[in-house]
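For reference, the structure discussed in these notes is given below.
The values are calculated or read from the model by the stated rules, or taken from the named source; none is laboratory data. Bear in mind the structure is a predicted one, so any value in this text is a computation, not a measurement. Here Cβ is always computed from backbone atoms with ideal geometry, including for glycine, and neighbour counts include all displayed protein chains. Surface areas here come from the heavy atoms of the whole protein model, side chains and all, with no ligands, DNA or RNA. Shrake-Rupley method; radii C 1.70, N 1.55, O 1.52, S 1.80 Å.
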Amino acid sequence: VKLRLFLFISVLFLTLLLLFTALFPGAFDCCTKISDRIPKGILRRVERFEIQTADGVCHLEAVILHMKGKKFCVNPWNRKVKKMMKKIKHKIHRSKSHVRKQRRTRITKHKE
C-alpha cells in the first residue's frame with residue numbers, strides 16, 4: 001500500500017513538472033543569482049547579452065552574458081557591464097551600417 005502511494009505521488013509530481021515546463025518554458029532559464037563583480041577577461045569574451053527584467057516569469061533584474069556555450073548572470077547596474085553593453089551595441093550598429101549594398105547594373109542591348 002505504501003509503495004503504491006509512493007509511485008502514485010511520484011508519477012503525479014513528474015506529470016506536474018512536465019506540464020509546468022511545457023507551459024512556462026523560460027521559467028528554468030531565469031537568473032536566480034547575480035554577480036556584482038565580473039573579471040575583465042570574461043567581459044572581453046562576451047559574444048552577446050540579454051536583459052532579464054523582473055516582471056513575468058523571472059523575478060530578478062539581470063544581464064545575461066553569453067560566451068561559447070556558457071552564460072553568466074550579472075548585476076545590470078555594474079558600470080563595467082554597462083560599458084560592455086554599449087560597446088557591443090555600437091559594434092553591431094557599425095557593422096550593419098557599413099555593409100555596402102551591391103549595386104544593380106542594367107544590361108542594355110545595343111541596336112546594330
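For segment 47-68, which positions are small (Gly, Ala, Ser) and more than 11 Å from the chain's Cα centre (by Cα)? Let's see the steps before the verdict.
Within segment 47-68, the subset small (Gly, Ala, Ser) is 54, 56, 62.
Answer for segment 47-68, where residues must be small (Gly, Ala, Ser) and more than 11 Å from the chain's Cα centre (by Cα): Ala54, Gly56.
Within segment 22-33, if we keep just the residues that are more than 12 Å from Lys71 (Cβ to Cβ) and open to solvent by less than 90 Å² (accessible area, probe 1.4 Å), the residue that is modelled with the highest pLDDT turns out to be Ala22. Would you say Val63 is in contact with a Gly (Cβ under 7 Å, 6 or more places away or on another chain) and surrounded by 11 or more Cβ atoms within 10 Å (Cβ to Cβ)? Spelling it out, it is not the case that Val63 is in contact with a Gly (Cβ under 7 Å, 6 or more places away or on another chain) and surrounded by 11 or more Cβ atoms within 10 Å (Cβ to Cβ).
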